[in-house]
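Shown next, in structure tokens, is the structure this report addresses.
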Amino acid sequence: MPTKPHIPLDQIKAQVEGCRRCPLAETRTNVVFGDGNSNARVMIIGEAPGKNEDLQGSPFVGAAGKYLSELLAIAGLKREEVFIANVLKCRPPGNRDPRPEEIQTCTPFLREQTRTISPEFIVTLGNFSTKFILKTDTGITRLHGKLAMAGKFKVLPVYHPAAALYDSSKRIALEDDFATLGRLLAEGQQA
Ligand code: URA
């Protein structure tokens with residue numbers, strides 16, 4: 001079966017920036033397309049923009065973002081080396097959970113980003129991105145740290161850094177899982 005050509009990232013970005021497919025377009029300040037290395041070996045997928053991300057138009061710029069940079073360092077990665085995106089591109093008011101219809105409407109963009117970037121690893125942060133990428137109902141507590149496959153992509157589900165900031169047992173697990181990512185990346189490089 002012939003495969004669909006990949007859409008250049010700047011074209012997907014233009015589509016996302018003009019998107020008015022759901023009511024989140026009415027309340028957003030900025031669309032948060034995602035940023036980083038478009039040839040990344042690792043793509044990180046969070047949940048949705050928060051207040052700071054909405055104001056600045058970039059993912060993970062608040063406290064969770066600072067912690068995410070520390071986690072990436074555990075895996076031997078710099079933020080600029082990876083690509084960071086979210087399930088939703090616009091902030092849900094008051095940081096409420098993404099709604100199923102919002103996820104359904106928005107994720108065609110994430111799917112195209114993933115196809116175009118074509119990373120070796122996808123790290124899913126928390127339940128929403130893990131459920132979407134792995135098409136599972138199993139929760140992150142059971143799945144974190146266990147390598148899975150989604151098509152050709154290696155997927156490592158981990159706790160969401162915002163959830164771990166105030167929960168030391170999650171923090172230990174999350175840091176452990178990023179150490180696992182570092183080992184997996186090093187193994188792949190030797191092969
Ligand atoms: N939490 C997320 O899931 N994504 C962001 O961009 C910021 C916080």
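The values are calculated or read from the model by the stated rules, or taken from the named source; none is laboratory data. Every value quoted in this text rests on a predicted model; they were computed, and no experiment measured them. No Cβ is skipped: glycine too gets one built from the backbone with ideal geometry, and neighbour counts run over all protein chains shown. Side chains are part of the model used for accessible areas, which takes the heavy atoms of the whole protein and leaves out ligands, DNA and RNA. Shrake-Rupley method; radii C 1.70, N 1.55, O 1.52, S 1.80 Å.
Laid out as a table, the results:
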quantity: Trypsin sites (Lys or Arg not before Pro) lying in DSSP loop within segment 1-39, provided at most 16 other Cβ fall within 10 Å; calculated: 20, 21
quantity: Accessible area (Å², 1.4 Å probe, nearest 10) - residue 176; calculated: 90
quantity: Residue 149 - accessible surface, heavy atoms, 1.4 Å probe, Å² rounded to 10; calculated: 110
quantity: Whole-percent carbon and sulfur share, accessible surface of segment 23-79, 1.4 Å; calculated: 47
quantity: Under-5 Å amide H pairs with residue 35, H placed in peptide plane, nonlocal only; calculated: 84
quantity: Net lengthening on full extension, residue 63/residue 30 (0.36 nm per residue, minus Cα-Cα); calculated: 10.0 nm
quantity: Residues of the chain: accessible area per residue with a 1.4 Å probe, Å²; calculated: 50
quantity: Percent of Cα pairs exceeding the 28 Å cut-off, where the set is segment 1-149; calculated: 14
quantity: Solvent-accessible ranking of 180, 114, 141, largest area first, probe 1.4 Å; calculated: 141, 180, 114
quantity: Charge dipole of segment 9-190 about the Cα centre (unit charges at C-beta), most positive-ward option of 73, 139, 40; calculated: 139
